[in-house]
1. In terms of modelled amide H atoms, which long-range or inter-chain residues lie less than 5 Å from the amide H of G39?
2. Sorted from largest down, give the three principal axis spans of the alpha carbons of segment 1-103, whole angstrom values.
3. Would you mind estimating how fast segment 12-185 diffuses translationally, via Stokes-Einstein at 25 °C and 0.890 mPa s with the Kirkwood radius over Cα pairs, in µm²/s?
4. Carbon and sulfur: what percent of the chain's accessible surface (1.4 Å probe)?
5. Need the list of aspartates and glutamates near K225 for cross-linking: C-alpha distance under 17 angstrom, and skip anything on the same chain fewer than eight residues off.
6. Relative contact order of segment 12-185, please, whole-number percent, based on alpha carbon pairs below 8 angstrom and at least 6 residues apart.
7. Can you list the HN-Hα couplings for segment 310-317, worked out from phi with the Karplus curve (6.51, -1.76, 1.60; θ = phi - 60°), rounded to whole Hz and with x for Gly and Pro?
8. Please identify, among S69, S212, S124, the residue showing maximal mean-square fluctuation in a Gaussian network model of the chain using a 10 angstrom Cα cutoff.
Amino acid sequence: TNPGFVVRITQNGLNYAHRQGVSVLEKELAQLKLPDISGDFRVRSMGKVRYEISRLELRDFQLPHSEISLVPMVGLRVSIANAFAELDGNWRVKFHFIRDHGSFHLKVENVYIKISLKLGSDASGKPTVDTSDCSTRISKVHVRFSGKFGWLYNLFHSAVESRFRKTLESKVCEQSASISHVPSLAYPSVLCLTVTANIGTMVGIDYSLVASPTATAQSLDVGLKGKFFSLAHNSTDPFTPLALAMPPDHDRMVYFGASSYFFNTASFAYREAGALVFDITDSMIPKGVDFHLNTTTFSAFVPQLEKMYPDMLMKLRLSAPSAPFLSIAPEGLSLQPVVDIQAYAILPNSSLAPLFLLSLRSNVSAVIDVKSGHIVGNLKVGRYGGGAAPFLPHLSSPQVRTLQSIMNIVASEILLPRLNERLSQGFPLPLPDRIQLSRILVEFHQ
(Lines give C-alpha, C1' and ligand atoms only; values in the text may rest on other atoms or scores of the structure.)
Protein backbone atom coordinates (compact mmCIF):
# COMPACT_ATOMS: atom_id res chain seq x y z
CA THR A 1 0.00 0.00 0.00
CA ASN A 2 1.29 3.45 -0.87
CA PRO A 3 1.56 5.89 2.04
CA GLY A 4 -0.71 8.90 2.26
CA PHE A 5 1.76 10.58 4.61
CA VAL A 6 5.56 10.34 4.86
CA VAL A 7 7.94 11.41 7.64
CA ARG A 8 11.61 11.95 6.79
CA ILE A 9 14.18 12.30 9.57
CA THR A 10 17.61 13.42 8.39
CA GLN A 11 20.99 13.03 10.04
CA ASN A 12 20.61 16.61 11.32
CA GLY A 13 17.38 15.59 13.00
CA LEU A 14 18.97 12.51 14.54
CA ASN A 15 21.86 14.60 15.85
CA TYR A 16 19.49 17.03 17.52
CA ALA A 17 17.36 14.30 19.07
CA HIS A 18 20.53 12.63 20.27
CA ARG A 19 21.84 15.79 21.95
CA GLN A 20 18.55 16.30 23.74
CA GLY A 21 18.33 12.70 24.91
CA VAL A 22 21.83 11.78 26.04
CA SER A 23 21.10 12.92 29.60
CA VAL A 24 18.10 10.58 29.68
CA LEU A 25 20.26 7.67 28.56
CA GLU A 26 22.87 8.49 31.21
CA LYS A 27 20.21 8.36 33.91
CA GLU A 28 18.92 5.03 32.61
CA LEU A 29 22.37 3.47 32.52
CA ALA A 30 22.99 4.75 36.05
CA GLN A 31 20.15 2.40 37.09
CA LEU A 32 22.13 -0.69 36.07
CA LYS A 33 21.61 -3.50 38.55
CA LEU A 34 24.80 -5.50 38.97
CA PRO A 35 24.81 -8.96 40.56
CA ASP A 36 26.85 -9.91 43.60
CA ILE A 37 30.23 -11.40 42.76
CA SER A 38 31.97 -14.19 44.66
CA GLY A 39 34.84 -16.52 43.96
CA ASP A 40 38.06 -17.96 45.19
CA PHE A 41 41.54 -18.37 43.93
CA ARG A 42 44.65 -20.16 45.13
CA VAL A 43 47.74 -18.28 46.12
CA ARG A 44 50.95 -20.22 45.51
CA SER A 45 52.26 -21.79 48.71
CA MET A 46 49.67 -19.92 50.76
CA GLY A 47 46.33 -21.61 50.08
CA LYS A 48 42.88 -20.54 48.91
CA VAL A 49 41.39 -17.05 49.27
CA ARG A 50 37.58 -16.70 49.29
CA TYR A 51 35.99 -13.31 48.49
CA GLU A 52 32.49 -11.86 48.13
CA ILE A 53 31.44 -8.57 46.52
CA SER A 54 27.91 -7.38 47.32
CA ARG A 55 25.50 -4.42 47.34
CA LEU A 56 26.91 -2.98 44.15
CA GLU A 57 25.49 0.50 43.57
CA LEU A 58 26.26 2.45 40.40
CA ARG A 59 26.81 6.11 41.31
CA ASP A 60 27.37 7.65 37.92
CA PHE A 61 27.44 6.79 34.22
CA GLN A 62 28.50 9.54 31.82
CA LEU A 63 28.63 9.52 28.01
CA PRO A 64 30.92 12.36 26.92
CA HIS A 65 31.20 11.17 23.30
CA SER A 66 28.34 9.49 21.45
CA GLU A 67 26.62 9.64 18.09
CA ILE A 68 23.78 8.13 16.07
CA SER A 69 24.35 7.23 12.43
CA LEU A 70 22.21 5.83 9.65
CA VAL A 71 22.83 2.29 8.40
CA PRO A 72 21.36 1.92 4.88
CA MET A 73 18.78 -0.88 4.48
CA VAL A 74 19.06 -1.76 8.19
CA GLY A 75 18.34 1.13 10.53
CA LEU A 76 20.53 3.02 12.94
CA ARG A 77 23.69 2.64 14.98
CA VAL A 78 24.36 4.20 18.38
CA SER A 79 28.09 4.58 19.12
CA ILE A 80 29.47 5.62 22.53
CA ALA A 81 33.16 6.26 23.21
CA ASN A 82 35.21 7.16 26.30
CA ALA A 83 32.28 6.68 28.65
CA PHE A 84 33.04 6.23 32.34
CA ALA A 85 31.22 5.04 35.44
CA GLU A 86 31.69 4.90 39.18
CA LEU A 87 30.15 2.51 41.69
CA ASP A 88 30.38 1.55 45.35
CA GLY A 89 29.90 -1.74 47.18
CA ASN A 90 30.84 -3.98 50.07
CA TRP A 91 33.42 -6.75 50.18
CA ARG A 92 34.15 -9.71 52.44
CA VAL A 93 37.21 -11.99 52.39
CA LYS A 94 38.25 -15.24 54.08
CA PHE A 95 41.83 -16.51 54.07
CA HIS A 96 42.73 -19.26 56.54
CA PHE A 97 41.92 -17.77 59.93
CA ILE A 98 41.81 -14.20 58.57
CA ARG A 99 38.40 -12.67 57.97
CA ASP A 100 37.82 -9.07 56.99
CA HIS A 101 35.19 -6.89 55.36
CA GLY A 102 34.75 -3.32 54.24
CA SER A 103 33.69 -1.11 51.39
CA PHE A 104 35.22 -0.29 48.05
CA HIS A 105 34.98 2.28 45.24
CA LEU A 106 35.21 1.22 41.61
CA LYS A 107 36.01 3.51 38.67
CA VAL A 108 35.49 2.28 35.11
CA GLU A 109 37.07 4.28 32.27
CA ASN A 110 37.26 4.15 28.49
CA VAL A 111 33.97 2.36 27.97
CA TYR A 112 33.09 1.79 24.30
CA ILE A 113 29.54 0.75 23.36
CA LYS A 114 28.13 0.07 19.90
CA ILE A 115 24.43 -0.77 19.44
CA SER A 116 22.81 -1.59 16.09
CA LEU A 117 19.07 -1.00 15.82
CA LYS A 118 16.82 -2.71 13.29
CA LEU A 119 13.68 -0.74 12.50
CA GLY A 120 10.35 -2.32 11.62
CA SER A 121 6.64 -2.32 12.38
CA ASP A 122 4.26 -4.66 14.17
CA ALA A 123 0.91 -6.04 13.01
CA SER A 124 -0.92 -2.88 14.14
CA GLY A 125 1.41 -0.65 12.14
CA LYS A 126 3.25 0.72 15.19
CA PRO A 127 7.02 1.30 14.87
CA THR A 128 9.32 -1.28 16.42
CA VAL A 129 13.02 -1.14 17.28
CA ASP A 130 15.09 -4.25 17.93
CA THR A 131 18.67 -4.37 19.12
CA SER A 132 20.22 -6.48 16.39
CA ASP A 133 23.79 -6.22 17.69
CA CYS A 134 25.57 -4.84 20.74
CA SER A 135 29.19 -4.81 21.79
CA THR A 136 30.87 -3.28 24.83
CA ARG A 137 34.57 -2.89 25.57
CA ILE A 138 36.06 -1.57 28.80
CA SER A 139 39.74 -0.61 28.86
CA LYS A 140 40.35 0.43 32.46
CA VAL A 141 38.93 -0.74 35.78
CA HIS A 142 40.30 0.60 39.08
CA VAL A 143 39.19 -0.72 42.48
CA ARG A 144 40.05 0.97 45.78
CA PHE A 145 39.41 -1.12 48.91
CA SER A 146 39.11 0.14 52.45
CA GLY A 147 40.34 -2.18 55.22
CA LYS A 148 43.22 -3.18 57.48
CA PHE A 149 45.06 -5.82 55.47
CA GLY A 150 46.47 -4.09 52.41
CA TRP A 151 48.62 -7.01 51.34
CA LEU A 152 45.52 -9.25 51.36
CA TYR A 153 43.55 -7.00 49.02
CA ASN A 154 46.36 -7.07 46.54
CA LEU A 155 46.01 -10.85 46.31
CA PHE A 156 42.52 -10.69 44.77
CA HIS A 157 42.67 -7.15 43.36
CA SER A 158 43.38 -8.20 39.77
CA ALA A 159 40.85 -11.05 39.90
CA VAL A 160 38.06 -8.71 41.02
CA GLU A 161 38.88 -6.12 38.37
CA SER A 162 38.69 -8.79 35.66
CA ARG A 163 35.35 -10.06 36.97
CA PHE A 164 33.98 -6.52 37.10
CA ARG A 165 35.02 -5.84 33.53
CA LYS A 166 33.27 -8.95 32.19
CA THR A 167 30.12 -8.35 34.27
CA LEU A 168 29.78 -4.72 33.21
CA GLU A 169 30.37 -5.51 29.55
CA SER A 170 27.52 -8.03 29.52
CA LYS A 171 25.16 -5.98 31.68
CA VAL A 172 25.51 -2.78 29.65
CA CYS A 173 24.30 -4.54 26.48
CA GLU A 174 21.58 -6.35 28.41
CA GLN A 175 20.32 -3.07 29.87
CA SER A 176 20.63 -1.19 26.58
CA ALA A 177 18.44 -3.73 24.83
CA SER A 178 15.63 -3.03 27.28
CA ILE A 179 15.97 0.76 27.53
CA SER A 180 13.18 2.43 25.60
CA HIS A 181 15.14 5.68 25.45
CA VAL A 182 17.97 4.22 23.37
CA PRO A 183 15.75 3.63 20.32
CA SER A 184 13.75 6.81 20.93
CA LEU A 185 16.90 8.92 20.76
CA ALA A 186 17.49 7.53 17.31
CA TYR A 187 13.89 7.32 16.17
CA PRO A 188 12.43 10.53 17.57
CA SER A 189 9.45 11.51 15.45
CA VAL A 190 7.74 8.16 15.06
CA LEU A 191 8.66 5.81 17.89
CA CYS A 192 6.22 7.54 20.28
CA LEU A 193 3.63 7.76 17.52
CA THR A 194 0.04 6.95 18.38
CA VAL A 195 -1.26 4.79 15.54
CA THR A 196 -4.65 6.52 15.57
CA ALA A 197 -5.59 9.96 16.86
CA ASN A 198 -9.15 11.13 17.37
CA ILE A 199 -10.08 14.63 16.21
CA GLY A 200 -13.08 15.63 18.23
CA THR A 201 -15.99 13.19 18.41
CA MET A 202 -16.53 12.49 14.70
CA VAL A 203 -13.26 11.75 12.92
CA GLY A 204 -9.87 10.16 13.55
CA ILE A 205 -6.55 9.84 11.68
CA ASP A 206 -4.79 6.54 11.03
CA TYR A 207 -1.03 7.08 11.23
CA SER A 208 -0.04 3.41 11.20
CA LEU A 209 3.01 2.36 9.20
CA VAL A 210 2.38 0.78 5.80
CA ALA A 211 5.88 -0.75 5.70
CA SER A 212 9.09 -0.86 7.69
CA PRO A 213 11.05 2.43 7.76
CA THR A 214 13.64 2.83 5.04
CA ALA A 215 17.13 3.94 6.07
CA THR A 216 19.49 5.48 3.52
CA ALA A 217 22.84 7.19 3.91
CA GLN A 218 21.05 10.57 4.27
CA SER A 219 17.73 9.99 5.97
CA LEU A 220 15.17 7.72 7.55
CA ASP A 221 11.88 7.68 5.59
CA VAL A 222 8.75 6.39 7.30
CA GLY A 223 5.61 5.73 5.24
CA LEU A 224 2.34 6.17 7.15
CA LYS A 225 -1.19 5.36 6.08
CA GLY A 226 -2.28 8.96 6.54
CA LYS A 227 -6.01 8.21 6.37
CA PHE A 228 -8.91 10.00 8.01
CA PHE A 229 -11.86 7.88 9.07
CA SER A 230 -15.31 8.42 10.55
CA LEU A 231 -15.56 7.16 14.12
CA ALA A 232 -19.15 6.09 13.49
CA HIS A 233 -18.89 4.76 9.91
CA ASN A 234 -15.40 3.46 9.15
CA SER A 235 -16.23 2.51 5.57
CA THR A 236 -13.80 1.75 2.77
CA ASP A 237 -12.53 4.74 0.81
CA PRO A 238 -13.64 4.86 -2.84
CA PHE A 239 -10.04 5.58 -3.88
CA THR A 240 -6.50 4.44 -3.14
CA PRO A 241 -3.33 6.47 -2.55
CA LEU A 242 -1.01 7.09 -5.47
CA ALA A 243 2.74 6.73 -5.14
CA LEU A 244 4.21 9.56 -3.08
CA ALA A 245 7.77 10.63 -3.89
CA MET A 246 9.52 12.93 -1.43
CA PRO A 247 11.67 15.71 -2.92
CA PRO A 248 15.42 14.99 -2.83
CA ASP A 249 16.05 17.34 0.08
CA HIS A 250 17.91 16.51 3.30
CA ASP A 251 19.03 19.86 4.74
CA ARG A 252 16.43 20.26 7.46
CA MET A 253 15.90 18.05 10.51
CA VAL A 254 12.50 16.63 9.59
CA TYR A 255 10.13 16.62 6.61
CA PHE A 256 6.46 15.75 6.40
CA GLY A 257 4.89 14.82 3.08
CA ALA A 258 1.09 14.74 2.71
CA SER A 259 -0.50 13.53 -0.53
CA SER A 260 -3.93 14.44 -1.89
CA TYR A 261 -5.10 11.09 -0.45
CA PHE A 262 -4.51 12.47 3.05
CA PHE A 263 -6.75 15.49 2.46
CA ASN A 264 -9.36 13.66 0.39
CA THR A 265 -9.90 11.00 3.03
CA ALA A 266 -10.57 13.91 5.41
CA SER A 267 -13.40 15.25 3.27
CA PHE A 268 -14.75 11.71 2.75
CA ALA A 269 -14.64 10.93 6.48
CA TYR A 270 -16.30 14.19 7.50
CA ARG A 271 -19.05 13.61 4.97
CA GLU A 272 -19.53 10.02 6.19
CA ALA A 273 -19.75 11.35 9.75
CA GLY A 274 -22.45 13.82 8.73
CA ALA A 275 -20.28 16.83 9.45
CA LEU A 276 -20.75 18.43 6.00
CA VAL A 277 -24.37 19.41 6.65
CA PHE A 278 -25.10 22.96 7.76
CA ASP A 279 -28.44 24.54 8.68
CA ILE A 280 -28.77 28.30 8.19
CA THR A 281 -31.62 30.37 9.58
CA ASP A 282 -32.54 34.05 9.47
CA SER A 283 -30.92 34.72 12.85
CA MET A 284 -27.56 33.77 11.34
CA ILE A 285 -27.70 36.34 8.51
CA PRO A 286 -25.08 39.07 9.20
CA LYS A 287 -26.53 42.43 10.18
CA GLY A 288 -24.87 44.18 7.27
CA VAL A 289 -26.57 41.96 4.67
CA ASP A 290 -29.73 43.58 3.27
CA PHE A 291 -32.13 40.64 3.12
CA HIS A 292 -33.89 38.25 5.47
CA LEU A 293 -34.29 34.54 5.16
CA ASN A 294 -38.07 34.42 4.76
CA THR A 295 -40.67 33.76 2.08
CA THR A 296 -41.38 37.49 1.65
CA THR A 297 -37.81 38.10 0.47
CA PHE A 298 -37.75 35.12 -1.86
CA SER A 299 -41.25 35.77 -3.29
CA ALA A 300 -39.79 38.74 -5.14
CA PHE A 301 -38.40 36.29 -7.69
CA VAL A 302 -40.37 33.17 -6.80
CA PRO A 303 -43.95 34.55 -6.66
CA GLN A 304 -45.49 31.23 -5.72
CA LEU A 305 -43.94 31.43 -2.25
CA GLU A 306 -46.09 34.39 -1.20
CA LYS A 307 -49.26 32.50 -2.04
CA MET A 308 -48.31 29.13 -0.61
CA TYR A 309 -46.35 30.18 2.50
CA PRO A 310 -47.03 33.87 3.23
CA ASP A 311 -44.54 35.72 5.45
CA MET A 312 -42.87 32.62 6.89
CA LEU A 313 -39.29 32.23 8.06
CA MET A 314 -37.10 29.89 6.02
CA LYS A 315 -34.27 27.48 6.67
CA LEU A 316 -31.48 26.54 4.25
CA ARG A 317 -29.78 23.16 4.59
CA LEU A 318 -26.39 23.06 2.87
CA SER A 319 -24.83 19.66 2.21
CA ALA A 320 -22.30 17.98 -0.04
CA PRO A 321 -23.85 15.32 -2.30
CA SER A 322 -20.38 13.81 -2.61
CA ALA A 323 -17.06 14.33 -0.85
CA PRO A 324 -15.17 17.25 -2.43
CA PHE A 325 -11.84 16.14 -3.86
CA LEU A 326 -8.74 18.26 -3.55
CA SER A 327 -5.86 18.38 -6.02
CA ILE A 328 -2.29 19.44 -5.33
CA ALA A 329 -0.04 21.13 -7.87
CA PRO A 330 3.08 23.33 -7.59
CA GLU A 331 0.88 26.42 -7.63
CA GLY A 332 -1.15 25.25 -4.62
CA LEU A 333 -4.25 23.35 -3.53
CA SER A 334 -7.64 23.61 -5.19
CA LEU A 335 -11.02 21.89 -5.29
CA GLN A 336 -14.41 22.29 -6.98
CA PRO A 337 -17.03 21.26 -4.43
CA VAL A 338 -20.70 20.81 -5.28
CA VAL A 339 -23.06 22.14 -2.62
CA ASP A 340 -26.75 21.23 -2.50
CA ILE A 341 -28.87 23.95 -0.90
CA GLN A 342 -32.31 22.76 0.13
CA ALA A 343 -34.73 25.55 1.07
CA TYR A 344 -37.56 24.98 3.53
CA ALA A 345 -40.41 27.08 4.85
CA ILE A 346 -40.77 26.88 8.62
CA LEU A 347 -44.46 26.23 9.25
CA PRO A 348 -46.33 27.48 12.36
CA ASN A 349 -46.05 24.04 13.95
CA SER A 350 -42.23 24.17 13.39
CA SER A 351 -42.32 21.49 10.73
CA LEU A 352 -40.50 22.08 7.44
CA ALA A 353 -42.03 22.37 3.97
CA PRO A 354 -39.54 21.84 1.08
CA LEU A 355 -39.45 24.73 -1.39
CA PHE A 356 -36.63 24.23 -3.90
CA LEU A 357 -33.17 22.74 -4.30
CA LEU A 358 -30.13 24.48 -5.74
CA SER A 359 -27.04 22.55 -6.80
CA LEU A 360 -24.06 24.90 -6.92
CA ARG A 361 -20.42 24.45 -7.90
CA SER A 362 -17.52 26.76 -7.10
CA ASN A 363 -13.76 27.00 -7.49
CA VAL A 364 -12.09 26.91 -4.06
CA SER A 365 -8.43 27.50 -3.26
CA ALA A 366 -6.87 26.32 -0.01
CA VAL A 367 -4.00 27.78 1.98
CA ILE A 368 -2.10 25.33 4.19
CA ASP A 369 0.17 26.13 7.14
CA VAL A 370 1.55 24.40 10.25
CA LYS A 371 0.98 25.79 13.75
CA SER A 372 1.65 24.13 17.11
CA GLY A 373 2.21 20.74 15.49
CA HIS A 374 -1.05 20.89 13.52
CA ILE A 375 -1.80 21.27 9.83
CA VAL A 376 -4.18 24.23 9.57
CA GLY A 377 -6.04 25.52 6.53
CA ASN A 378 -8.03 28.40 5.14
CA LEU A 379 -10.43 28.30 2.19
CA LYS A 380 -11.11 31.04 -0.34
CA VAL A 381 -14.21 30.61 -2.49
CA GLY A 382 -14.94 31.96 -5.96
CA ARG A 383 -18.47 32.68 -7.19
CA TYR A 384 -20.91 29.81 -7.23
CA GLY A 385 -22.54 28.66 -10.44
CA GLY A 386 -24.86 25.83 -11.32
CA GLY A 387 -28.46 24.90 -12.01
CA ALA A 388 -31.69 24.41 -10.10
CA ALA A 389 -33.74 21.31 -9.53
CA PRO A 390 -36.80 23.10 -8.12
CA PHE A 391 -39.70 21.66 -6.24
CA LEU A 392 -41.56 24.73 -7.45
CA PRO A 393 -41.84 24.50 -11.24
CA HIS A 394 -41.18 27.10 -13.92
CA LEU A 395 -38.25 28.97 -12.38
CA SER A 396 -36.73 31.07 -15.12
CA SER A 397 -33.01 31.43 -15.73
CA PRO A 398 -32.95 35.01 -14.30
CA GLN A 399 -34.68 33.76 -11.18
CA VAL A 400 -32.15 30.96 -10.80
CA ARG A 401 -29.28 33.45 -11.21
CA THR A 402 -30.80 35.71 -8.57
CA LEU A 403 -31.06 32.78 -6.20
CA GLN A 404 -27.44 31.91 -6.91
CA SER A 405 -26.37 35.46 -6.04
CA ILE A 406 -28.11 35.20 -2.69
CA MET A 407 -26.56 31.80 -2.09
CA ASN A 408 -23.11 33.24 -2.83
CA ILE A 409 -23.67 35.67 0.02
CA VAL A 410 -24.86 32.85 2.29
CA ALA A 411 -21.86 30.69 1.41
CA SER A 412 -19.20 33.40 1.73
CA GLU A 413 -20.63 35.19 4.78
CA ILE A 414 -21.90 32.22 6.83
CA LEU A 415 -20.72 28.84 5.54
CA LEU A 416 -17.10 29.74 4.79
CA PRO A 417 -16.35 31.27 8.21
CA ARG A 418 -17.70 28.13 9.89
CA LEU A 419 -15.52 25.88 7.74
CA ASN A 420 -12.44 28.04 8.27
CA GLU A 421 -13.02 28.09 12.01
CA ARG A 422 -12.80 24.29 12.01
CA LEU A 423 -9.78 24.27 9.69
CA SER A 424 -8.00 26.77 11.95
CA GLN A 425 -8.04 24.17 14.74
CA GLY A 426 -6.03 21.93 12.46
CA PHE A 427 -5.16 18.25 12.31
CA PRO A 428 -2.29 16.83 14.40
CA LEU A 429 1.01 15.87 12.82
CA PRO A 430 2.57 12.57 13.98
CA LEU A 431 4.77 14.11 16.67
CA PRO A 432 5.60 12.80 20.15
CA ASP A 433 5.00 14.94 23.21
CA ARG A 434 7.27 17.90 23.92
CA ILE A 435 8.44 18.17 20.31
CA GLN A 436 7.92 21.58 18.72
CA LEU A 437 8.62 22.60 15.13
CA SER A 438 10.35 25.83 14.14
CA ARG A 439 11.41 27.53 10.88
CA ILE A 440 8.55 25.78 9.08
CA LEU A 441 8.45 25.90 5.29
CA VAL A 442 5.42 24.70 3.32
CA GLU A 443 5.91 23.72 -0.32
CA PHE A 444 3.63 22.23 -2.95
CA HIS A 445 4.69 19.57 -5.43
CA GLN A 446 2.91 17.65 -8.13
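The values are calculated or read from the model by the stated rules, or taken from the named source; none is laboratory data. Computed from a predicted model, the values in this text were never measured in an experiment. Here the Cβ is made from the backbone with ideal geometry for all residues, glycine too, and neighbour counts use every protein chain on show. For accessibility, only protein heavy atoms count, side chains too; no ligands or nucleic acids. Shrake-Rupley method; radii C 1.70, N 1.55, O 1.52, S 1.80 Å.
1. Y51
2. Each principal axis gives a Cα extent; for segment 1-103 these are 76, 26, 25 Å.
3. Stokes-Einstein gives a translational diffusion coefficient of 137 µm²/s.
4. Carbon-and-sulfur percentage of accessible area, whole number: 50.
5. D122, D206, D237
6. It rounds to 20 percent for segment 12-185.
7. Values, residue by residue: x, 6, 10, 5, 10, 10, 10, 10 Hz.
8. The residue that fluctuates most here is S124.
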